[in-house]
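I have placed the structure first, in the form of structure tokens, so that the comments after it can refer back to it.
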Amino acid sequence: MNAGFSNLKNLKRELLLAADLSKTDNDASVLSLGLGVASLFEGAAGRRFARQEEVDTFSAERAFWIVRRYPIETVTAVEVRGDYAGGFLAVPGMPANVNELSGKVDFLGCLGAYGEMARVVYTGGYWWDTGETTPETMPTGATPLPEDLRAAWVMQCRWFWERRSITDRAKAGFTEDTAALGFAGTDADLLMPVRQVIANYRRIAQ
């Protein structure tokens, strides 16, 4: 199960006492916290981290695009839509080039005219093990989640978890008696060492 940069089992090991690891009472809270902190990271970095196939849609009047989910594994299509009725059509010979690490897809000149839309279909992001009972195998060509990013996520999760008094839980917007727990953290809640790590992964504005 994806708990945000790891699986639920591993996140419980980081947050709970050994005697509580086999219990399920805190599972919903731990899962909500892990996913919530991962979402905070994505908002602060302006990008998406999990590895999956993605479709980015944007104005075609540009010579390059920095995808929202990188590093890039493969780009399967670059398409342009001249009008809504006509739909998206593949652009031959595109992309012209790809910088897998930075997520930059080059078109070597404007991909389309003013008013036209474009989209890039690709697979990108970082891989991490979401298996709860047996380890999963990283797909060929995938990039593992960097250790500093995972460590920052654990650090931030611990910080929130250690402040889980009844008052703090109410402020954070989640309770123990429901499986659909909310998480209401903001960028202002991120620790300074965590901010410094995220700064290295921030997506370049376009």
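The values are calculated or read from the model by the stated rules, or taken from the named source; none is laboratory data. Treat the numbers as computed from the prediction; the structure is a model and nothing was measured. So basically every Cβ, Gly included, is an ideal-geometry build from the backbone, and we count neighbours across all protein chains shown.
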Residue that is farthest from the chain's Cα centre (by Cα), among those in region 63-82 that are part of a strand (DSSP E or B) and within 8 Å of Gly124 (Cβ to Cβ): Glu73
Elements of type strands (runs of 3 or more DSSP E) contained in region 97-139, each with 3 or more residues being surrounded by 13 or more Cβ atoms within 10 Å (Cβ to Cβ), at pLDDT below 95 and in contact with a His (Cβ under 7 Å, 6 or more places away or on another chain): none
In region 23-57, residue farthest from Lys9 (Cα to Cα) [restricted to those that are touching a residue at least 40 places away in the same chain (Cβ under 8 Å) and surrounded by fewer than 16 Cβ atoms within 10 Å (Cβ to Cβ)]: Thr57
Residue match in region 79-87 (condition: modelled with pLDDT of 95 or more and within 14 Å of Phe64 (Cα to Cα)): yes
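Identify, please: which residue in region 10-22 is among the charged types (D, E, K, R) and farther than 19 Å from Pro146 by Cα and is, among those, surrounded by the most Cβ atoms within 10 Å (Cβ to Cβ)? If you could, list the steps in order and put the result at the bottom.
Residues of region 10-22 that are among the charged types (D, E, K, R), as a first pass: 12-14, 20.
Next, only the ones that are farther than 19 Å from Pro146 by Cα stay: 12-13, 20.
On the way: Lys12: 21, Arg13: 12, Asp20: 12.
My answer is Lys12.
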